[in-house]
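Novice: Pasting a structure below so you can have a look.
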Amino acid sequence: MKRTIVSIALLIASCSLFLSHGQDAKAEKLIEKGVELHDEGKYKEAIEAYKEALKLSPKSAQATYELSLSYLALKDYQNAMKHSSEILDSGN
């Protein structure tokens, strides 16, 4: 289990190199809000902000990346891995 957690964390960290910067302004604001919430330890609220951003910008690698980090913080490894895989599969 510990090995899986480390693997997920490394996968997510490596994805940061591939973040796109072309989201629309509303999606970017939601992502910024989500990051602030995440940093405050409000992971569930952060997840909701990222999901809203993804409604506006469905291919946002940054929103997906941040979403996976918040799931990881909640120790929801299945969702963290799912969203990390989406980033890798997208080629972004």
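The values are calculated or read from the model by the stated rules, or taken from the named source; none is laboratory data. Since the model is a prediction, treat every value here as computed from it, not as a measurement. We place every Cβ from the backbone using ideal geometry, glycine too, and count neighbours over all the protein chains shown. Ligands, DNA and RNA are excluded from the accessible area calculation, which covers all protein heavy atoms including side chains. Shrake-Rupley method; radii C 1.70, N 1.55, O 1.52, S 1.80 Å.
Novice: Mind checking which aspartates and glutamates have their C-alpha under 20 Å from Lys42, skipping anything on the same chain fewer than 8 residues away?
Specialist: Partners found: Glu28, Glu32, Glu52, Glu66, Asp76.
Novice: Over the stretch 37-83, with the other protein chains present, what is the accessible area per residue in square angstrom, probe 1.4 angstrom?
Specialist: 54
Novice: Additional query: Between Ser90 and Lys55, what is 0.36 nm times their sequence separation minus the Cα-Cα distance? Round to one decimal in nm.
Specialist: Stretched fully, the Ser90-Lys55 segment lengthens by 10.9 nm.
Novice: Mind running the shape call on the stretch 35-92? Use the C-alpha gyration tensor, a ≥ b ≥ c as the square roots of the eigenvalues: rounded below 1.5 for a/c, prolate if a/b tops b/c, oblate otherwise.
Specialist: The shape class here is oblate.
Novice: Over 20 Å between C-alpha atoms is what I'm after, so list which of Lys26/Lys75; Lys26/Lys82; Lys29/Lys75; Lys29/Lys55 land there.
Specialist: Lys26/Lys75; Lys26/Lys82; Lys29/Lys75, as the Cα separations exceed 20 Å there.
Novice: Short version: ³J(HN,Hα) in whole Hz for each residue of the stretch 29-36, in order, from phi by Karplus 6.51 cos²θ - 1.76 cosθ + 1.60 (θ = phi - 60°), x for Gly and Pro, what are they?
Specialist: Those phi angles translate into 4, 5, 5, 4, 4, x, 4, 4 Hz.
Novice: Further question: Report the local net charge at Glu36: Lys and Arg +1, Asp and Glu -1, summed over other residues whose C-beta lies under 15 Å from its C-beta.
Specialist: Neighbour charge sum, excluding Glu36 itself: -4.
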